[in-house]
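Read the structure below first, then the notes.
Please treat every number below as a calculation from the coordinates, not as lab data. For clarity, every value in this text was computed on a predicted model and none was experimentally measured.
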Amino acid sequence: MKNSVIRTVCNIAFLAVIIQVSGCVENIREASSDTIAGSIKHISIPDKQNLTWFAPELKVSNYRTLFYGYDTVEYRLAGSEDTKKQMNDGFRLLIEAKYGGNVRHYTFARLSDGSTHEIINYQHDTEQCKIYNSLISSCLYRDRFSIKLSRSDLENAGAVGLKLFLTSGEQNYESIDLPSNYIHGFLKAIALKTDH
């Protein structure tokens, strides 16, 4: 009986370690550049923006007490098949923002070095409007947009990654980042495919 209990406890502890380790591997921010390179999606027919390379999605969220819960921003790197274009502006940061409160007017992204990149807006949806917490009437919105990036933008991020502040010019919204391992993995996957 005692051996059986000890064996059960050991098995549970072993499973807990396995689950924790696999959970850590699933966090793309902490994955190695090789792991990220292996998870880059490549499609043969370009999408509407002429993109064929898609990195895994990253996400940031902030809790808002007065509204429905979390404001979230999901984003990923994407790239063109055209190697000539990749040297100029063949990369995009695809972004989807879901938020409550006032309508936002995303106009540009400010990089940590002070430079700015124009935001290209694609879609703005009002998902629902209602009274929250019996106090305030508000709506939930979803915006889809992108930012053009060059290869030098990505390569200059170096070991520190790339940090961007999404803004209207008058008001700062979210701060998002592309970790250096994420950028290196993305560029590595494209280099491996185009070298063959």
query: What does the convex hull of the alpha-carbon atoms of the stretch 32-195 project to on average, in nm²?
result: 10.2 nm²
message: Can you compute the radius of gyration and Dmax for the stretch 138-192, using only the Cα atoms, both in Å?
response: 14.2, 48
